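Quick notes on the structure that follows.
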2 protein chains.
Amino acid sequence: VVELHPRLKEDTVEIGRFPLCRVLLMKDANYPWFILLPDRAGVSEIHQLTEADQMQLTRESACLARGLVQAFRPDKLNIAALGNVVPQLHIHHIARYRHDPAWPAPVWGKVPATEYPFDRLSAVAAKLRYALGTEGGFAPQD
Amino acid sequence: VVELHPRLKEDTVEIGRFPLCRVLLMKDANYPWFILLPDRAGVSEIHQLTEADQMQLTRESACLARGLVQAFRPDKLNIAALGNVVPQLHIHHIARYRHDPAWPAPVWGKVPATEYPFDRLSAVAAKLRYALGTEGGFAPQD
C-alpha cells in the first residue's frame, strides 16, 4: 500500500477500499467530500495509469458517485483530478448543494475548511459505507 | 449531434471530435483549456453514461491528456467534471503551469478570462490538432 502524501494524511481519514483505490473522507464539514486514491506509486496523472487501471478507476469512480447520490441526495457531483499542490494522484468526489457555502463555485479556495462537530464525521462515513455496501468490491474500514 | 448549452456556445470553439466527444477550446488565453463534451443528450453526471460510454470517455480523456502534454508541456493537468453552472456534462482538461495566473489554485473564479490576441486561438487549436493527429479516432475540424 502506497504511503499517503503528508497533506492528505493530515486532511482526510480512510473509510474503506475498492480493489484499486482507497476511499478517503475530507475533514471538512462544509461538504460531503471524498477522495479516491489509486494504490499506485509515482503516478500523478490519470493517463499515466495502465489502461486496465484507468478502466478500474472509472468503475470505482462511478460506484462512489452512485453511493454519494444515494447517501447524500446532492444537487450535483463535482469530480476532479487536480493535484497542483499534492502531486500524488487523487480524485475528488464532492456532493454539492445549491445551499452549500461555495455554490455555484468549485469548493477550492472558497471558504476555509470547517471542523466536523463531535461524531459527525463518523456519521457521514457510516452513511456512505451503508450506501456502498460491497458494491464494486468496496471493503469498509473503521 | 446534441445542441451545446448557450454558455458553452459562447465561451468555446469546436476544434474536432472523438467518436464520443466533441473537443472544445475555451476562449481564455490564460491557459490551454479544452473541454470534452460527450455527444449524449440529457446527461449531467459521468455515471449516468452507459458503462461502454464511460470507458470510451476514459479513453478519449487519456488521449486528449497525452495530446496536451505533447503540445503544451504543462507542469500539471487539471481534469474536472463540475457542471454547477452548466449542467450539460462536459469535462475540463486544462494544461497548468507554475507560472500561470491562477497557480497553484484551480482556474475557476481566480482571474477573469483573457481574450486571445488575433490568430493565437487558432494557433493553439492547430498545436493540439497536430499533437493528436488521428489518435483515438480524433477528427480535426476547422
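Accessible area buried by the pairing of A and B, both sides summed with a 1.4 Å probe, works out to roughly 2500 Å².
Return the carbon/sulfur percentage of the accessible area of the protein assembly as shown, one whole number, probe 1.4 Å, all protein chains in place. The C+S portion of the solvent-accessible surface of the protein assembly as shown is 53 percent. A point 7 Å from Cα along Cα→Cβ stands in for A:Ala123, and the other copies hold the same point at 5.7 nm, listed in rising order. Dividing the C-alpha radius of gyration of the protein assembly as shown by 2.2 N^0.38 Å, with N its residue count, gives 0.97. Across chain A, Cα pairs under 8 Å and at least six residues apart give a relative contact order of 31 percent.
Note on the stretch A:81-142: Rg/Rh from C-alpha atoms, Kirkwood Rh, equals 1.00.
Anything losing 20 Å² or more of accessible area from the isolated chain to the full protein assembly: pick those residues out of the stretch B:101-134, probe 1.4 Å, ligands and DNA/RNA ignored. With the partner chains in place, the stretch B:101-134 has these residues losing at least 20 Å²: B:Trp103, B:Pro104, B:Pro106, B:Trp108.
Remark: the stretch B:1-76 carries 41 Å² of accessible area per residue (probe radius 1.4 Å; ligands, DNA and RNA excluded). Remark: C-alpha extents of chain B on the principal axes read 39, 32, 26 Å, sorted largest to smallest.
The values are calculated or read from the model by the stated rules, or taken from the named source; none is laboratory data. The shown structure was predicted, so the numbers you read here are calculated from the model rather than taken from an experiment. A quick note on method: Cβ atoms are made from the backbone with ideal geometry, for glycine too, and the neighbour counts reach across all protein chains shown. Keep in mind that these areas ignore ligands, DNA and RNA; they rest on the heavy atoms of the full protein, side chains included. Shrake-Rupley method; radii C 1.70, N 1.55, O 1.52, S 1.80 Å.
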